[in-house]
Each structure stands twice: as structure tokens, then as C-alpha cells.
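The values are calculated or read from the model by the stated rules, or taken from the named source; none is laboratory data. Remember, predicted model here, so these are calculated numbers, not experimental data. Counting neighbours? That spans all protein chains shown, and the Cβs are built from the backbone with ideal geometry, glycine included. Accessible surface areas use protein heavy atoms only, side chains included; no ligands, DNA or RNA. Shrake-Rupley method; radii C 1.70, N 1.55, O 1.52, S 1.80 Å.
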Amino acid sequence: MTRARAFRAPAGPRFPAAPLAALTFLVLLLVCAAAAPAADAAPTPPREGILLVAFGTSVPEAEASFTAMDAAFRAAWPHSPVVWAYTSQIIRKKLAREGRPVGGIAAGLARLAKDGVQVVRVQSLHIMAGEEFAALARAVLIDIQKHPGRFRAVYLGRPLLESRADAQAVAGSVLRALDGRRSPGDALVLMGHGQEHGRADLVLEGTRAAFQSADPLAFIATVEGARGFEELLAELRARKVRRVWLQPLMLVAGDHARNDLAGEEEDSWASRLRAAGFTVETNLTGLGQVPGIAARFVEHARASRDDLTAEPRKE
Ligand code: CO
């Protein structure tokens, strides 16, 4: 519309006697002038927003991990809103009662839409693609179906342990973080969550292999997975270990770390290892606080090309 008007204006009464060539030149000049701004201006990039999704925690001390993750994502996307979603309803209800509410996935996406976000990067803060991650993907898809066209794209970033390179990087970061505290001959035992069904056990076996090749005295066992405490105990005995460091292989040092791993009760791993004659040290640090881990999640968010609003890409 504006271009047509600019085109016609010079042909009006202001240049009645101009020779044809000069008129054509002028018209071309004006057309170029009118077209130039549109051609030169880079298209405004769509407004991006980040949705960080975690199981959640109600343990205040565990929040240090989330704070570190939040800071890393805000630094990586300084102009984008960063919103959190917790998937655990029990934890969300508890936090709401305590006056510090955190929303779920649908609430987080609604907030980003309200903020004018066009491209969403949903980043899973799960350790691996187990049942929690599958539920997250499903919840995002259902929300997209309920609000078609709300976002131009919704990218889903993969969890922490997706590849051998991830496992090696995580092993390196975790082992380095204990430098200077753990003595030669001390074992490091990481408590993974694991799950009763599914492929999580295989991911843990691969991760365990990465830890073992970086450090033969680094072990992984799980709360709910196939490799449990009894197997761990046998391994520690076979290696003739005396002192054991305990640390969660979870994003936060929350309920499992404080109770099942390091708790005072006699059924905690710490109590059972002490009862079995080991000296036990605890390192109640969530993976989110370990230097290098947040950067790995940021990389996964950047690398995601998996737009959940579109058909899978076939290249
Ligand atoms: Co659990």
C-alpha cells in the first residue's frame, strides 16, 4: 500500500514537464528509497522464552541447585524470560501452602505466552530421559493441542545424560569437584534415582561405565533401579575400600539425599555402610551446584531442534 503511493506521487503535478528519462530515473530512485528500509532491516527475531522443568523440591537447602541453574540460563538468554515449572503436584501444593508457589507446565507456558514469547525453549532438568521426562514431553504436547498457534515453535531440550560425551563430562565435573577433599583410596558412591520399569537402568549402566573408566573407585547405585545397595556393598568390599564419600546423582540434594542417602535412620546408606565398617563422608551437593553441569543443560537447550509444534523433521 505505501509502496504504490510512493510510486505514483512523483508522477503528479509537481513534475509535469520532466523528460521521460529523467522521470523514470526519479521514479526508480524513489522506489529504491521506499524499498530500501524494508530490505535492509533484519527481520525482528522472534521473542524467545525459557521454561525450566524439574520434579521440584520442598527442601529449602536443596534450592541452591535450582538457583545455580536459574543463573546459568539467565546468563545464556539475558533478554528472555526464564520461567520455572515443577512437575510434582505434592511439592507444588506444599510450596503453595508455604506461600512460595511454583506453577506446573501449563501455567509456565501460559505465563510465557502472556509475556509475548513466540518461541519457547522447554528445558528438562531431569538427569535422564526416564518416566519424568516422558511425562513432561506429553504434558507439553497436550498443552500445544489445547492452544494451537499460540507459539511459533516449542523446542524440547533433552535431559543431562543423553550421550557418552554427556556421561564423560558429568563424570569429569563430579570428580573434579571433590578434588582436595577425597583422598586416594576413598570411594565415591553416587546415589542415582533410577526407576522400577524402563530404560533408566541402561542409562545408569552407561554412566557408571564412564565414571569407572575415569576413576575405578567411583560407583553408582540407585534408590529404585536395578543396581541397589546390596550390589554396591559387595563391590566396595571387593575393592577393599575403607572410606566412602556419598553424593546424590540428582539435580538437587533433596529428600532422597538427606534421608535415604545420608540420614540418621538405620536404613540410610550412610548408616548401613557405617554398620558394615566403612568410614562415611557425605557431600550433600546437588548436581546443579557442581561446576560445569548447568552449562551442559544450557548446551542441550541450545542444541534442541525438536519443535513439538511441527511434524518430526526428516532429513
Ligand atoms: Co523419588
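Values as computed for the structure displayed
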item: Those residues of region 150-200 which are assigned to a strand (DSSP E or B) and aliphatic (A, V, I, L, M), in sequence order; result: Ala153, Val154, Leu156, Ala187, Leu188, Val189, Leu190, Met191
item: Selection count where residues are closer than 30 Å to Gly185 by Cβ, surrounded by fewer than 17 Cβ atoms within 10 Å (Cβ to Cβ) and either modelled with pLDDT under 95 or in contact with a helix residue (DSSP H, G or I) (Cβ under 6 Å, 6 or more places away or on another chain) (or both), scope region 277-315; result: 1
item: Number of the exception - Val154 against (1) surrounded by fewer than 20 Cβ atoms within 10 Å (Cβ to Cβ); (2) more than 29 Å from Glu266 (Cβ to Cβ); (3) not aromatic (Phe, Trp, Tyr); result: (1)
item: Hey, Ala209 within 16 Å of the ligand (Cβ to nearest atom) and open to solvent by 30 Å² or more (accessible area, probe 1.4 Å) or not; result: no
item: Some residue of region 174-194 being within 19 Å of the chain's Cα centre (by Cα), open to solvent by less than 60 Å² (accessible area, probe 1.4 Å) and more than 16 Å from the ligand (Cβ to nearest atom); result: yes
item: Residue within region 214-222 that is in contact with a helix residue (DSSP H, G or I) (Cβ under 7 Å, 6 or more places away or on another chain), open to solvent by 20 Å² or more (accessible area, probe 1.4 Å) and not polar (S, T, N, Q) present; result: yes
item: Considering residues of region 232-276 that are surrounded by 13 or more Cβ atoms within 10 Å (Cβ to Cβ) and free of Cβ contacts under 8 Å to residues at least 40 places away in the same chain only, the residue nearest to Gly130 (Cα to Cα); result: Asn259
item: Candidate set: region 195-206, residues that are open to solvent by 50 Å² or more (accessible area, probe 1.4 Å) and among the charged types (D, E, K, R); chosen: the one nearest to the ligand (Cβ to nearest atom); result: Glu196
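Residues checked against (1) among the hydrophobic types (A, V, I, L, M, F, W, C); (2) within 16 Å of the ligand (Cβ to nearest atom); (3) modelled with pLDDT under 95:
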{"site": "Thr44", "(1), (2), (3)": "no, no, yes"}
{"site": "Gly49", "(1), (2), (3)": "no, no, no"}
{"site": "Pro60", "(1), (2), (3)": "no, no, yes"}
{"site": "Phe66", "(1), (2), (3)": "yes, no, no"}
{"site": "Met69", "(1), (2), (3)": "yes, no, no"}
{"site": "Trp77", "(1), (2), (3)": "yes, no, no"}
{"site": "Val82", "(1), (2), (3)": "yes, no, no"}
{"site": "Ala85", "(1), (2), (3)": "yes, no, no"}
